[in-house]
Amino acid sequence: MSSLNPRRAAGEKRRTHKSKFYENVLDLVYPRRCPICHGIAPWGEDICPECREKLPFVTTKRCRKCGKPVEDFETLCDDCKATPHIYDEGMGLLLYNETMRDTMAYLKFKGRREYGAVLGRVLAASVPDKIRRWQPDAVVPVPVHRDKLISRGYNQAEEIARPLAERYGIPLRTDLVVRREKTAAMKALNKKERFQNLKGAFAVPDGVRVPPRILIVDDIYTTGATIDAMSAVLIDNGAAHVYFLTVCIGMGFMVRY
């Protein structure tokens, strides 16, 4: 068996070079666009260097539950003080400011599917300590209803989750939770309406075994209604711990519901 290893290694190397070659050809034919300015990104880059400097990373103290920015004297944000969330812990990487609202609109509504992978790689590179501490058995992107999947052509949460799962060698499980109800758009709803809107929206299919430690991935965290709804279903079906990561997050006491 060991005599085959050099051949396999050589084969993998050839496939890697071949993949890189095709990737370079695609970059020439279909140049990558920066998800921040939407212009052509420099050769070999996902994001313009000057745009990378504009990424609104959370640099202040975070809420210990949801990761929203809080004042130095606070341990929980106002939302987590008022709402007993079901999940264990989570974090959004970037502030959901005007720049990121524009980027997320392109990802979700203007067909920029590739932005999901770019943002997923940024997220994955920033959370090794969280992954090490949480030790998730599965990465689960928030599912979209089949009608939306057909009309959009992809699930933005899955596009974000894939690079993270690949980087850390964690199974990407799109079969664990399905969205069985077509819910109203969340952005127009207040906090109470969001939780009501998601009642019964998610389900674990019959016969699917849920592993004990789950990492949910989504694009934006605001009130936590979506993460809580998914967490409840996963815990009811055998999960012991549920965590979440998102690209963007609301601004703690400054978030608008």
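The values are calculated or read from the model by the stated rules, or taken from the named source; none is laboratory data. Keep in mind that this is a model prediction, so the values were computed, not measured. When we count neighbours, we look across all protein chains shown, and the Cβ atoms used for this are built from the backbone with ideal geometry, even at glycine. In case anyone asks, the SASA skips ligands and DNA or RNA and just uses the protein heavy atoms, side chains included. Shrake-Rupley method; radii C 1.70, N 1.55, O 1.52, S 1.80 Å.
For LYS68, the amide hydrogen comes within under 5 Å of the amide hydrogens of CYS63, counting only partners 5 or more places away or on other chains and with H modelled in the peptide plane.
Take the Cα of ARG213, step 7 Å toward its Cβ, do the same at LYS110, and the gap between the two points is 3.9 nm.
Scalar couplings 3J(HN,Hα) for region 232-239, obtained by applying the Karplus form with A = 6.51, B = -1.76, C = 1.60 to θ = phi - 60°, are 4, 5, 5, 5, 4, 10, x, 5 Hz; x denotes Gly and Pro.
Taken one residue at a time, the phi angles of region 208-217 give Karplus couplings (6.51, -1.76, 1.60, θ = phi - 60°) of 8, 8, 8, x, x, 10, 10, 10, 7, 10 Hz. Gly and Pro are set to x. Counting 0.36 nm for each residue step from ASP147 to ALA125 and taking away their Cα separation leaves a gain of 4.7 nm.
Scalar couplings 3J(HN,Hα) for region 80-94, obtained by applying the Karplus form with A = 6.51, B = -1.76, C = 1.60 to θ = phi - 60°, are 6, 5, 8, 10, x, 5, 7, 5, 6, 6, x, 7, x, 6, 10 Hz; x denotes Gly and Pro. Amide hydrogen proximity for TYR221: with H placed 1.01 Å from N in the peptide plane, the residues at 5 or more positions away or on another chain lying under 5 Å are CYS248, ILE249, GLY250. Under 5 Å between amide hydrogens, built in the peptide plane, is the criterion, and for ARG33 it picks out ALA41 among residues at least 5 positions away or on other chains.
Express the carbon and sulfur contribution to the solvent-accessible surface of region 105-164 as a percent, rounded to the nearest whole number, probe 1.4 angstrom. Whole-percent figure for carbon plus sulfur exposure: 48. Modelled spin-label separation between ALA82 and TYR154, with each label point placed 7 Å from Cα along the Cα-to-Cβ direction: 3.6 nm.
A crude spin-label estimate for the pair LYS61 and ALA203, with each label 7 Å from Cα along the Cβ direction, gives 4.5 nm.
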